[in-house]
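Structure, as structure tokens:
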Amino acid sequence: METRIEEVAPGIHQLTTHIAEMNFSFNQYLIAGDEPMLFHTGPRQMFPLVSEAVGRVVPADQMRWISFGHVEADECGSMNEWLAMAPQSTVVQGMTGCMVSLNDLADRAPRPLADGEVLDIGGHRMRWIDTPHVPHAWEAGIVYDETTRTLFCGDLFTQTGAYASSSTADLVGPAGAAEDIFRSTSLAPSTGATLRRLADLDIAALALMHGPTFTGDCRTALLDLADDYDKRIAAA
Ligand SMILES: [Fe+2]
Ligand SMILES: [Fe+2]
């Protein structure tokens, strides 16, 4: 097992580890600003692979910010390993995640961001957006890099299997097939509206956790995903 690392947008490095036995892959993103950020850490068991791959681009012990969409093993399983390895690093997440979980779970105090607040990491302006229960979890949020117009959308559009680092191929079909298997999305009445609000951002790339970085028509992809969820809700 090894971790591939590819620069998918200026200063944005996608790390991908494919687990053949699971037919599933896990990405993390290194945003190599003046103050480097890791967006989702990967599971704790993957920390040796991920930290080694990060070290090919920036010294891993220089990591400044550890961020993620919600509290789950593949989102933040190794946050405390990172806090230990990088002495100046801080976990940064939404107000809800910090209040409910991270003030307790993180080995150092996290930095909470309000909905819409921007963290300037030097070369990238990272905007936190609350998306409660989308794709799942009360504390869920998404980060938008205003500089490269990249939306770090975590588990949205999750697909199975291996994939190229970047793609313009349809995301919604594979995401629907994965949703049929995993049923991982919270199908709430507000789910579609939350996705349509994200579609209003000016997005050049969708950086997935379990799928490629998509550089096609991001607005249409988000609107089509919202429609797919609305259909599932109506059918339920
Ligand atoms: Fe998740
Ligand atoms: Fe995930």
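Using only the Cα atoms, work out Rg/Rh for the stretch 31-154, with Rh taken as the Kirkwood radius, to two decimals.
On the way: Rg = 13.1 Å, Rh = 14.2 Å.
Value, to two decimals: 0.93.
Taking Rh as the Kirkwood radius, which is the inverse of the mean 1/r over Cα pairs, what is the Rg/Rh value for the stretch 56-114?
Values: Rg = 11.0 Å, Rh = 11.5 Å.
Checking Rg against Rh, the ratio lands at 0.96.
The chain: longest stretch without exposed trypsin sites (Lys or Arg not before Pro) (DSSP loop, at most 16 other Cβ within 10 Å), sites themselves excluded?
Working: sites that count: 56, 108, 149, 183.
Between exposed loop sites, the widest span is 1-55.
Can you give the log10 of the normalised intensity I(q)/I(0) at q = 0.14, 0.25, 0.26, 0.28 Å⁻¹, computed with Debye over equal Cα scatterers of the stretch 1-57?
Computed log10 I(q)/I(0) values: -0.34, -1.01, -1.08, -1.21.
Okay, helix-only estimate at 222 nm for the chain: each DSSP H run of n ≥ 4 adds -39500 (n - 2.57), divide by all residues, round to 500 deg cm²/dmol; what do you get? Walk me through the numbers on the way to the answer.
Numbers: 6 runs with 57 residues, N = 236.
When only DSSP H runs of four or more count, the value is -7000 deg cm²/dmol.
Got a sec? What order do 54, 172 fall in by accessible area at 1.4 Å, biggest, i.e. largest, first? If you can, show how the numbers build up before the last one.
On the way: 54 0, 172 25 Å².
Largest to smallest exposure gives the sequence 172, 54.
Considering the zone a paramagnetic label at residue 6 would reach in this model (a point 7 Å from Cα along the Cα-to-Cβ line), which residues of the stretch 147-165 have amide N under 13 Å from it?
162-165
For the chain, give the percent of accessible area contributed by carbon and sulfur heavy atoms, probe 1.4 Å, rounded to a whole number. Spell out each step's value before the answer.
Working: 4950 of 9700 Å².
So the carbon and sulfur contribution to the accessible surface is 51 percent.
Enter the accessible area per residue of the stretch 162-236 (Å², integer; probe 1.4 Å; all protein chains in place). Display every interim value, and only then the final one.
Numbers: 3460 Å² over 75 residues.
Each residue of the stretch 162-236 exposes 46 Å² on average to a 1.4 Å probe.
Roughly what would the spin-label model give for residue 45 and residue 104, points 7 Å off Cα along C-beta, in nm?
The modelled label-to-label distance comes out at 2.5 nm.
Let me know the whole percent of all Cα-Cα pairs from the chain that are separated by more than 25 Å.
Working: 9587 of 27730 pairs.
Every Cα pair in the chain considered, those over 25 Å come to 35 percent.
What are the residues whose amide H is under 5 Å from the amide H of residue 113, where those residues sit 5 or more places off or on another chain and H is modelled from the backbone?
Excluding prolines and chain starts, which carry no amide H, the hits are 93, 94, 95.
Using a Gaussian network model of the chain with C-alpha springs under 10 Å, which one of 114, 162, 20 is most mobile by mean-square fluctuation?
20
Hey, could you get me the Stokes-Einstein D for the stretch 155-220, Kirkwood radius over alpha-carbon pairs, 25 °C and 0.890 mPa s, rounded to whole µm² s⁻¹? Write out the running numbers ahead of the final one.
On the way: Rh = 12.5 Å.
D = 196 µm²/s.
Using only Cα atoms, tell me the angle between helix 218-235 and the longest principal axis of the chain; keep it within 0 to 90° and round to the nearest 10.
In the chain, helix 218-235 runs at an angle near 60 degrees to the longest axis.
Long-range amide H contacts for residue 123: which residues qualify at under 5 Å (H placed 1.01 Å from N, peptide plane, sequence gap of 5 or more or a different chain)?
34
So what is the relative contact order for the chain, in percent, with contacts set as C-alpha pairs under 8 Å and at least six apart? Intermediate values should be presented prior to the final figure.
Values: 526 pairs, mean separation 36.9, N = 236.
Relative contact order here is 16 percent.
HN-Hα J couplings of the stretch 55-71 from phi, Karplus 6.51/-1.76/1.60, θ = phi - 60°, integer Hz, Gly and Pro as x?
Result, rounded to whole Hz: x, 6, 10, 9, x, 4, 6, 9, 4, 10, 10, 10, 10, 5, x, 7, 8.
Hey, if you put +1 on the Cβ of every Lys and Arg and -1 on every Asp and Glu Cβ in the stretch 177-232, which of 222, 199, 186 ends up farthest toward the positive end of that dipole?
186
What dipole magnitude, in Debye to the nearest 20, does the stretch 57-160 give about its Cα centre under +1 on Lys/Arg Cβ and -1 on Asp/Glu Cβ? Let's see the in-between values first.
Details: 6 positive and 15 negative charges, 61 e Å.
Roughly 300 debye, rounded to the nearest 20.
For a Förster distance of 22 Å, can you work out the FRET efficiency between the beta-carbons of residue 57 and residue 184, rounded to the nearest 0.05?
Working: r = 30 Å, r/R0 = 1.36.
That pair, residue 57 with residue 184, gives E of 0.15.
Let me have the relative contact order for the stretch 151-210, percent, based on Cα pairs under 8 Å that are six or more residues apart. Intermediate results must be reported in sequence, preceding the final value.
On the way: 42 pairs, mean separation 40.2, N = 60.
With pairs under 8 Å counted, the relative contact order is 67 percent.
The values are calculated or read from the model by the stated rules, or taken from the named source; none is laboratory data. Here the structure is a predicted model, which is why all the values come from computation and not from measurement. Reconstructed Cβ throughout: ideal geometry from the backbone, glycine too, with neighbour counts over all protein chains shown. Only protein heavy atoms, including side chains, enter the accessible area calculation; ligands, DNA and RNA are left aside. Shrake-Rupley method; radii C 1.70, N 1.55, O 1.52, S 1.80 Å.
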